[in-house]
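These notes are about the structure you will find just below.
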Amino acid sequence: MKSQQESLSGVAYASAAFLIWGLSPIYWKVLHNIPALEIIMHRTIWSFVFLLTILVFLRQGNAFIAAVKKRRTFLVLIPTTILLAFNWFIYIWAVNNEHILQASLGYFITPLVNVLLGMIFLGERMRPLQTVSLVLAGISVLYLTVYYGKFPWIAIALALAFGFYGLIRKMAPIGSLVGLSLEIFFLSGPALAYLIFLDSKDIGALFHMSIKMDLFLMGTAFLTAFPLLLFTLGTRRLNLSTVGFLQYIAPSCMFLLGVFLYNEPISSAQTLTFVLIWTALCIYSTDSVRYYRRIKNPVSSNFSQDGSV
């Protein structure tokens, strides 16, 4: 059982991370003229510079070097590095190609994916109402697929990538900051080579567009590394199901931005899909609240169950 102080700090870390991610389309829209792959390369390089500075400041450079030398750490973090890069690419591409609503759908599904992954890999038992939530989510995705005649791959790809990323990072035997720094470090070599290639062909964005774009590209370091660090700090202090509950913050912000700020069209099929997903999340949330209340006050819970109150 997590201590109350640890759980509260975990909630604060994770909530801040999801709020930043939920509002991030505003930032990425500024860079819409730059290819998604090139943006990812800049995210990687500038994020590593940012994290390296933090490592030196906090005197964790030796821990970073020691982790690099551990074969087990390397094997665990390579999959998370791949998942991280994949998630970045799909998300930025979706935002800058008018698919914010489908991206938000993906992150609405993610909490339910976390419940399923927790059951399969961590031995967490699925309660009846959680099962109902997952079934509703499955029905909504199936309906959208049949209606459009194509699978909502953006939403599913984001949900699976982020779900597995959180799962593996939760189990990784390494600290949050050092682990994240290693992931970015693994991506830095290919990223630097790609940017040098673009510059040699005189087709790179950095120093070729405007000072504003240069600053925004460099600023991806903070937007990328800071919420990821908050996320990893949060996941190590919380149950996976609690992390899933807090993830509603990000897709809710994204949905509102897509509909009201960027005027993305929303069809009747999408509306019904979101209604089904929100219904599933309401059922899941209600079940989670009742479950944690029952854990905190088992005596009154027993009275309630047998009708003695």
**OP:** Would you mind ranking ASP287, ASP214 so that the residue whose beta carbon has the fewest other beta carbons within 10 Å leads the list?
**Re:** ASP214, ASP287
**OP:** Report the longest stretch of the chain that contains none of the chymotrypsin sites (Phe, Trp or Tyr not before Pro) sitting in a DSSP loop with at most 16 other Cβ atoms within 10 Å.
**Re:** 1-206
Original post:
Hey, got the Cα dimensions of the chain along the principal axes, in Å, largest first?
Top reply: 76, 50, 29
Original post:
Angle between the Cα long axis of helix 4-23 and the longest principal axis of the chain, 0 to 90 degrees, nearest 10?
Top reply: 60
Original post:
If one takes the longest principal axis of the Cα atoms in the chain, at what angle in degrees, from 0 to 90 and to the nearest 10, does the Cα axis of helix 176-200 lie?
Top reply: 40
Original post:
How many nm is it between the label spots at TYR143 and TYR262, if each spot is 7 Å from the Cα in line with the beta carbon?
Top reply: 2.4
Original post:
Counting Lys +1, Arg +1, Asp -1, Glu -1, what net charge surrounds ILE78 among other residues with beta carbon under 12 Å of its beta carbon?
Top reply: +1
Original post:
Within the set LYS69/LYS170; LYS70/LYS170; LYS170/LYS212, which residue pairs have Cα atoms separated by over 29 Å?
Top reply: LYS170/LYS212
Original post:
What is the gain in length, in nm to one decimal, between VAL289 and PHE121 on full extension, counting 0.36 nm per residue of separation less the C-alpha to C-alpha distance?
Top reply: 58.2 nm
Subject >> Angle between the chain longest axis and helix 128-148 axis [Cα atoms, degrees, rounded to 10] >> reply: 50
Original post:
Across the chain, where is the longest run that never hits trypsin sites (Lys or Arg not before Pro) in a DSSP loop with at most 11 other C-beta atoms within 10 Å?
Top reply: 202-309
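FYI, it's all coordinate maths here, none of it is from the lab. Predicted, not measured: the structure shown is a model, and the values here were computed from it. Please note: Cβ atoms are built from the backbone with ideal geometry, for glycine as well, and neighbour counts cover all protein chains shown.
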